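See below for the structure under consideration.
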Amino acid sequence: QSMVALQKATPASAYPVAPAPGLYQAFGEQAGIRALMDDFVIRLKADARIGEQFKDTKLDNLSKQLTDQVCQLAGGPCVYKGPDMKEAHAEMDVTRSHFNALVEVLQVSMDARGIPFTRQNQLLALLAPMHRDVVNTR
Ligand code: HEM
């Protein structure tokens, strides 16, 4: 495979880690993931640590993009068509603390939806490598 082809990899497949078997189903497939993300984006905006960054965000759109991304990562039939993670966060300052806060908020949402702890961690393992592209500020 040429370098050019690698650079054109779709955003989710830029992090080539296989999902744990059954992960997509454990999150309730597309509808379950959408419900999770609808809850998550509301909590994000309300969060004292990072809510400010989402003050102008259209939550419905963010939820849809996250749903496509997580559905694809988890092994579902979706295709995320948004900007890659570096591009998506380039216009804002994101620190490691912000990243950790976002993960904590996602954990609260997953708890609220009764996602088993092991499954939660299997999803977080797929998201963790994104810190390289999302975190852009010390
Ligand atoms: C694993 C971690 C993360 C993932 C998977 C993720 C994913 C995404 C995705 C898919 C989008 C939508 C891109 C688009 O359609 O334009 C987005 C936008 C955004 N993200 Fe992240 N993100 C992560 C971490 C963070 C962190 C730590 C922050 C800051 C606290 C953050 C702040 C934002 C903001 C403000 C937007 C723009 C929303 C808007 O359109 O107004 N993200 N992110």
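Look through the stretch 31-60, keep the residues that are open to solvent by 90 Å² or more (accessible area, probe 1.4 Å) and out of contact with any Asp or Glu (no Cβ under 9 Å at 6 or more places or on another chain), and return whichever of them is farthest from the ligand (Cβ to nearest atom).
The qualifying residue farthest from the ligand (Cβ to nearest atom) is Ile42.
Would you please list the contacts, defined by Cβ atoms under 9 Å and residues six or more apart or on different chains, that run from a residue in the stretch 103-121 that is free of Cβ contacts under 8 Å to residues at least 12 places away in the same chain to a residue that is part of a helix (DSSP H, G or I) and surrounded by 13 or more Cβ atoms within 10 Å (Cβ to Cβ)?
So the pair list comes out as Asp111/Gln120; Phe117/Met110; Thr118/Ala26.
Could you list, in sequence order, the residues of the stretch 86-107 that are within 8 Å of the ligand (Cβ to nearest atom), under 23 Å from Phe27 (Cβ atoms) and among the β-branched types (Val, Ile, Thr)?
If the condition is that a residue be within 8 Å of the ligand (Cβ to nearest atom), under 23 Å from Phe27 (Cβ atoms) and among the β-branched types (Val, Ile, Thr), then Val103 is the only one that fits.
Show the residue pairs meeting these rules: Cβ distance below 8 Å; 6+ apart or different chains; first residue within the stretch 61-85 and near the ligand (Cβ under 9 Å from one of its atoms); second residue among the aromatic types (Phe, Trp, Tyr) and part of a helix (DSSP H, G or I).
Every condition considered, the pairs that remain are Leu62/Phe54; Leu66/Phe40.
The values are calculated or read from the model by the stated rules, or taken from the named source; none is laboratory data. Quantities reported herein were computed from a predicted structural model and do not represent experimental measurements. In this analysis, Cβ positions are derived from the backbone assuming ideal geometry, glycine residues included, and neighbour counts consider all displayed protein chains. The area values use the complete protein model at the heavy-atom level, side chains included, leaving out ligands, DNA and RNA. Shrake-Rupley method; radii C 1.70, N 1.55, O 1.52, S 1.80 Å.
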